[in-house]
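**Student:** This is the structure I have questions about; it appears just below.
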Amino acid sequence: MTPEQIKKIQAVNVIVLGDLMLDRYIFGYVRRISPEAPVPIIEVKEETMRLGGAGNVARNIRALGANVRVLSCIGQDPDGDLLLSMLNELGADTRFLWQDDRVKTITKTRVVSKNQQFLRYDQEKTEDISQDYVNYIGCSLDTVFDCINIVILSDYGKGAVSPPLARLIIDNAGKKNIPVLVDPKGANYQKYTGATICTPNLNELSAAAHVFLTQEDEEGIQAAGVSLCKKYEFKWLIATRSEKGMSLISRQGLKQDFPAVAKEIVDVSGAGDTVIAIIALGMAAGFSLADCCRLANTAASIVISKFGTAAVTFSELVGSEIYASAGKRLTREQIPYLMDYLREQNKKAVFTNGCFDIIHAGHISSFRQARKFGDVLIVGLNSDDSVRRLKGDCRPIVKEKDRAGLLEALTLVDYIVIFNEDTPESLIREICPNVLVKGQDWAGQRIAGQNFVEEHGGRVELIIMEEGLSTTNIINRIRTVYGRPAQNMEEIWTKSSL
């Protein structure tokens with residue numbers, strides 16, 4: 001999908017009702033065993049707090065640039081104060097978030113060394129949200145649903161998505177034709193009846209359908225999904241299946257599978273939060289459900305490469321889409337998103353540029369040398385107008401679309417950007433490469449973009465040029481062998497088409 005299409009999600013307004021949590025991470029080192037008991041001693045170096053549960057759904061929505069209204073109840077305690085402060089810092093609408101001294105704010109504390117969890121301990125008091133809160137929401141429905149496009153129920157089984165509150169929200173959303181998506185917990189789906197989409201993982205699907213399912217049981221997964229759709233009046237069920245991606249199942253029995261995007265897994269915590277956030281935003285923005293699922297898989301592949309409960313930013317999502325599916329030819333608008341993604345993935349970008357009018361062995365040698373300086377090679381290609389200004393009216397010999405097509409066919413080249421300026425200075429500023437590559441014939445000369453690259457921590461590399469190999473030399477040889485030169489570019493292109 002294009003950046004323009006994906007940007008539509010930023011106009012979406014979402015209600016998130018669910019169990020809000022704080023995820024506390026204690027990082028340290030283990031160098032010895034306790035003399036008091038056979039347990040490791042961790043030397044604490046850092047402690048961080050992150051939004052968890054439904055809070056992570058809200059965090060993902062805000063990170064993508066959309067708006068979120070949070071419905072829930074947390075404790076009137078220091079952890080609750082911190083959680084509320086973190087949501088407000090995100091820019092979430094917390095008008096309908098209650099603090100109640102009868103409630104204990106849920107916290108999950110993980111003790112971590114070298115990205116490995118040694119221990120997790122939870123502080124929580126699980127009980128249904130108070131009837132007072134349900135009554136309050138019931139009396140405020142017009143304000144609660146004001147400007148809302150879609151609703152997410154993020155149920156972690158801690159009591160926020162109680163049957164009375166779930167029914168109140170689903171029924172009133174239905175009256176207003178507002179879709180409701182449910183990330184379920186437990187085997188009793190009665191309270192979710194009438195929701196638009198339910199997104200269980202495989203274990204949750206097995207429990208709700210009262211059948212044992214494996215990843216290989218495609219027919220069983222389909223049958224269970226259809227059964228739940230019919231029983232609880234869902235329009236669709238999306239089964240999230242870890243390394244298998246996800247399956248979209250309709251009430252009518254149709255099933256479409258969306259493979260996961262291959263990526264090294266660092267931590268799967270919160271991946272389901274990201275998935276339901278993306279599907280909800282995409283659906284409200286008018287994307288097809290197939291596109292929503294594909295985009296959710298892309299987002300999940302980003303978040304599982306991060307440690308701990310994490311969110312996906314808009315730039316990461318768009319950049320990942322470009323990286324995975326845009327092809328080699330980039331527009332100037334796509335560049336910042338791609339570069340943000342490459343930096344997030346710690347990939348080193350190399351840039352070189354030229355007219356590349358007639359591709360020859362010297363160009364291939366240059367690309368091969370440049371490729372060794374990093375992970376991704378981006379080639380700036382002068383447009384036809386730019387070449388004409390630099391080389392004269394008889395150039396280029398090959399039109400820009402064909403020159404770009406030839407570069408696309410080279411496995412050494414990852415991306416091509418056509419620029420119309422006389423120099424690539426502005427393009428280099430947009431890309432901000434780690435390495436700028438030019439030929440050794442530029443030694444001692446001012447190189448466009450050099451100061452900018454070096455000021456931003458990059459470097460310039462001068463590579464060996466193949467002696468005697470140049471487009472100009474090739475053209476001169478052809479002229480010598482085949483007669484007089486053409487007077488202008490139009491004559492060359494006209495004759496070549498005869």
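Derivation of every value follows stated rules applied to the coordinates shown; laboratory data play no part. These figures come from a predicted structure and were not determined experimentally. Note that we place each Cβ from the backbone using ideal geometry, even for glycine, and neighbour counts take in every protein chain shown.
**Student:** What share of the DSSP beta bridges in region 1-110 is antiparallel, in percent to the nearest 5?
**Tutor:** 45
**Student:** Give the peptides 49-62, 113-126, 451-464 in descending order of average Cβ contacts within 10 Å, highest first.
**Tutor:** Per-residue Cβ counts within 10 Å, averaged per peptide and sorted highest first, yield 49-62, 451-464, 113-126.
**Student:** Could you run the Karplus curve 6.51 cos²θ - 1.76 cosθ + 1.60 with θ = phi - 60° over region 143-157 and give me ³J(HN,Hα) per residue in whole Hz, x for Gly and Pro?
**Tutor:** After applying 6.51 cos²θ - 1.76 cosθ + 1.60, I find 6, 4, 8, 4, 6, 7, 9, 7, 10, 10, 9, 9, 9, 9, x Hz.
**Student:** Pull up all non-local amide H partners of Val460: gap of 5 or more, or a different chain, and H-to-H distance under 5 Å with H placed in the peptide plane.
**Tutor:** Leu436
**Student:** Also: Once you have the Cα-Cα distance between Val481 and Asp132, take 0.36 nm times their residue separation minus that, and quote the gain in nm to one decimal.
**Tutor:** Using 0.36 nm per residue and subtracting the Cα-Cα distance, I get 116.3 nm.
**Student:** In region 142-266, what percentage of the DSSP-assigned beta bridges are antiparallel, given to the nearest 5?
**Tutor:** 50
**Student:** For region 48-139, what's the relative contact order in percent, using C-alpha pairs closer than 8 Å and at least 6 residues apart?
**Tutor:** The normalised contact order for region 48-139 reaches 24 percent.
**Student:** Further question: Count the net charge of all other residues whose Cβ sits under 13 Å from the Cβ of Ala285, scoring Lys and Arg as +1 and Asp and Glu as -1.
**Tutor:** Numbers: positive: Lys7, Lys8; negative: Glu4, Asp291.
Combined, the nearby Lys, Arg, Asp and Glu give 0.
**Student:** Now a separate question. What shape does region 405-480 have by the C-alpha gyration tensor, where a ≥ b ≥ c are the square roots of the eigenvalues, rounded means a/c under 1.5, and otherwise prolate means a/b greater than b/c and oblate the rest?
**Tutor:** Because a/c hits 1.5 or more and a/b exceeds b/c, region 405-480 counts as prolate.
**Student:** Taking the mean number of other Cβ atoms within 10 Å as a proxy for protection, how do you rank 215-225, 196-206 from highest to lowest?
**Tutor:** 196-206, 215-225
**Student:** Sticking with this structure for a sec: If we count other beta carbons within 10 Å of each Cβ, what is the order of Asp402, Asp375, fewest first? Present the calculation step by step, with values, prior to reporting the outcome.
**Tutor:** Values: Asp402 11, Asp375 14.
Fewest-to-most Cβ neighbours within 10 Å comes out as Asp402, Asp375.
**Student:** Which whole-Hz couplings ³J(HN,Hα) result when phi for each residue of region 62-68 is put into the Karplus expression 6.51 cos²θ - 1.76 cosθ + 1.60, θ = phi - 60°, listed in order with x for Gly and Pro?
**Tutor:** Using θ = phi - 60°, the values come out as 5, 5, 8, x, 8, 10, 9 Hz.
**Student:** Also, I was wondering about something else. Distance between the C-alpha centers of region 50-120 and region 319-344? Whole Å please.
**Tutor:** That distance is 32 Å.
**Student:** Here is a follow-up. Each label point is 7 Å from the Cα along the Cα-to-Cβ direction; what then is the distance between the points at Asn346 and Gln5, in nm?
**Tutor:** 3.2
**Student:** With 10 angstrom as the radius, rank Asp273, Asp100 by how many other C-beta atoms surround their C-beta, starting from the fewest.
**Tutor:** Asp100, Asp273
**Student:** Please report the antiparallel percentage of DSSP beta bridges with both residues in the chain, rounded to the nearest 5.
**Tutor:** About 35 percent, rounded to the nearest 5.
**Student:** Could I ask something else about it? Quick one: Karplus J couplings for region 418-423, per residue in order, coefficients 6.51, -1.76, 1.60, θ = phi - 60°, nearest Hz, x for Gly and Pro?
**Tutor:** 7, 10, 9, 6, 6, 10
**Student:** Holding the Cα-Cα limit at 31 Å, pick out from Lys7/Lys108; Lys7/Lys438; Lys175/Lys244; Lys7/Lys348; Lys7/Lys176; Lys108/Lys235 the pairs that are longer than that.
**Tutor:** As for pairs spanning more than 31 Å Cα to Cα, those are Lys7/Lys108; Lys7/Lys438; Lys175/Lys244; Lys108/Lys235.
**Student:** Now for a different question. Please check which bits of region 378-403 a label hung off Arg329 would reach, taking the label as a point 7 Å along Cα-to-C-beta and the cut-off as backbone N under 19 Å.
**Tutor:** 378-388, 396-403
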